[in-house]
């Protein structure tokens, strides 16, 4: 009984338009206007959080942007990196871009063989991290080596004609011939959030 009376007193105090001394402080209309304003602000805040979720990249560009995939691809050819490789990293709110530069010395085999093996290695790494590869191209032949590129989607749902949601990414590799057994390779990785339909 005492607990019920206490609850009723709290309810009456909270929804009362009078102060502690019984004096009228605000009108009932003003009181409900304030309550409605609080609810509106809460809905706006919740809507903003829901509409603009935190974006997470797949980690594919970070994994590819390393020496390891190229060294693995050229293992059978005994390639060496001269240690003057460089890289850049530019993150955005809903995108990320990475570039890496390699100076390679090939002990055996050809530059064409190395790029083909490097392409396969990057495809495998992308697939291992959940990327769905599409639209791959290879430019050049055994006489003139240029590079290759491909696109991928990560975390989206497959639909007719493309993907729905997730992240879209593109990987590009370009090569420049040096001496008979040396070459330079540039790796470009870009990924951004894809809007759901």
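Each residue in the range 93-115 was checked for being under 30 Å from residue 192 (Cβ atoms) and in contact (Cβ under 8 Å) with a residue 40 or more places away in the chain, and 13 pass. For the range 56-78, state whether one or more residues are more than 15 Å from residue 173 (Cα to Cα), part of a strand (DSSP E or B) and touching a residue at least 24 places away in the same chain (Cβ under 8 Å). No; the residues of the range 56-78 include none that is more than 15 Å from residue 173 (Cα to Cα), part of a strand (DSSP E or B) and touching a residue at least 24 places away in the same chain (Cβ under 8 Å).
Determine which member of the set 130, 109 is under 23 Å from the mean Cα position of the chain (by Cα) and on the phi > 0 side of the Ramachandran plot. First the steps, then the outcome.
Numbers: 109 fails: under 23 Å from the mean Cα position of the chain (by Cα).
Exactly one residue qualifies, and that residue is 130.
Among what's in the range 112-128 and is touching a strand residue (DSSP E or B) at 6+ places or on another chain (Cβ under 9 Å) and surrounded by fewer than 18 Cβ atoms within 10 Å (Cβ to Cβ), pick the residue that is farthest from residue 64 (Cα to Cα). Break it down into steps so the answer makes sense when it comes.
The first filter runs over the range 112-128 and keeps only residues touching a strand residue (DSSP E or B) at 6+ places or on another chain (Cβ under 9 Å), leaving 112, 114-116, 118-119, 122-123, 125-127.
Adding the requirement that they be surrounded by fewer than 18 Cβ atoms within 10 Å (Cβ to Cβ) leaves 112, 116, 123, 127.
On the way: 112: 20, 116: 15, 123: 10, 127: 12 Å.
The residue in question is 112.
When 166, 109, 131 are screened for being modelled with pLDDT of 85 or more, in contact with a helix residue (DSSP H, G or I) (Cβ under 6 Å, 6 or more places away or on another chain) and surrounded by 16 or more Cβ atoms within 10 Å (Cβ to Cβ), only 131 passes. Which one is modelled with the lowest pLDDT, of the residues in the range 138-163 that are outside any strand (DSSP E or B) and on the phi > 0 side of the Ramachandran plot? This residue is 161. The numbered conditions (1) buried (at least 19 other Cβ atoms within 10 Å of the Cβ); (2) closer than 24 Å to residue 132 by Cα are all true for residue 89 except (1).
The values are calculated or read from the model by the stated rules, or taken from the named source; none is laboratory data. Predicted model only: the values in this text are computed from it and were never measured. A quick note on method: Cβ atoms are made from the backbone with ideal geometry, for glycine too, and the neighbour counts reach across all protein chains shown.
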